[in-house]
Amino acid sequence: MTPMVRKRPFKPTKESTIAYIGLGANLGERGRTIAEALRRLDGDDRTWVLSSTAPIETEPVGYEDQPRFLNAAARLETTRSPRELLDLMLEIERDLGRIRGEGPRYGPRTIDLDLLLYGAETIDEDVLEIPHPRLHERRFVLEPLAELDPSLVVPGRGRVSALLAELE
């Protein structure tokens, strides 16, 4: 699967924010599911997929007795609030067959969409933590983010390229 190419015009506004998301899948047609998630995000009238990485195959983390994952990242521009963007992502997961709370934590899934960064904001709520709390520990997240923007700064952690170098 190749990175996504935009199909509709991008119309940035003063109220929009750049956000980064992680995408992962290890059940079903993984590449098609990731592509469909990106298509649905870009189809939202308040969110634009500016760029995305080609998926990379990765080993499972946390719960190892499961198929390998495909992981990718995308840079979005959105006029949605962080919570509204998360709600959109959860709706897309449900539509693509993800049932949260079923099976082991970090277990197999048709699709996983994680809101990694939302501008330079830091948010710590019950259902939403930005930056993503384990972003800095996960090569399968940092490598695609570094491909999108190696100088990207994770609030409170530093540059993505430096975080990736720390894992090596």
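The values are calculated or read from the model by the stated rules, or taken from the named source; none is laboratory data. Predicted model, so just to flag it, every value in this text is computed and none were measured. Ideal geometry is used to build each Cβ from the backbone, glycine not excepted, and the neighbour counts take in all protein chains shown.
One residue is enough: does region 64-73 have a residue meeting the conditions of a type in the set (F, W, Y), within 17 Å of G22 (Cα to Cα) and modelled with pLDDT under 95? Yes, that holds for at least one residue.
Tally the residues that are aromatic (F, W, Y) and within 16 Å of the chain's Cα centre (by Cα), restricting the search to region 39-74. If you could, list the steps in order and put the result at the bottom.
To start, the set of residues in region 39-74 that are aromatic (F, W, Y) comprises 48, 63, 69.
If we keep only those that are within 16 Å of the chain's Cα centre (by Cα) as well, we get 48, 69.
Result for region 39-74: 2.
Of everything listed in (1) crowded, with 18+ Cβ neighbours inside 10 Å; (2) under 19 Å from A74 (Cα atoms), the single unmet condition for R98 is (2).
Criterion applied to T122, T110 was being out of contact with any helix residue (DSSP H, G or I) (no Cβ under 9 Å at 6 or more places or on another chain) and of a type in the set (S, T, Y), and the one residue passing it is T122.
Would you check if there is a residue in region 52-69 being buried (at least 17 other Cβ atoms within 10 Å of the Cβ) and in contact with a Ser or Thr (Cβ under 7 Å, 6 or more places away or on another chain)? Checked region 52-69: at least one residue is buried (at least 17 other Cβ atoms within 10 Å of the Cβ) and in contact with a Ser or Thr (Cβ under 7 Å, 6 or more places away or on another chain). State yes or no: is L41 surrounded by 22 or more Cβ atoms within 10 Å (Cβ to Cβ), not charged (D, E, K, R) and not in a loop (DSSP other than H, G, I, E, B)? So L41 passes the test.
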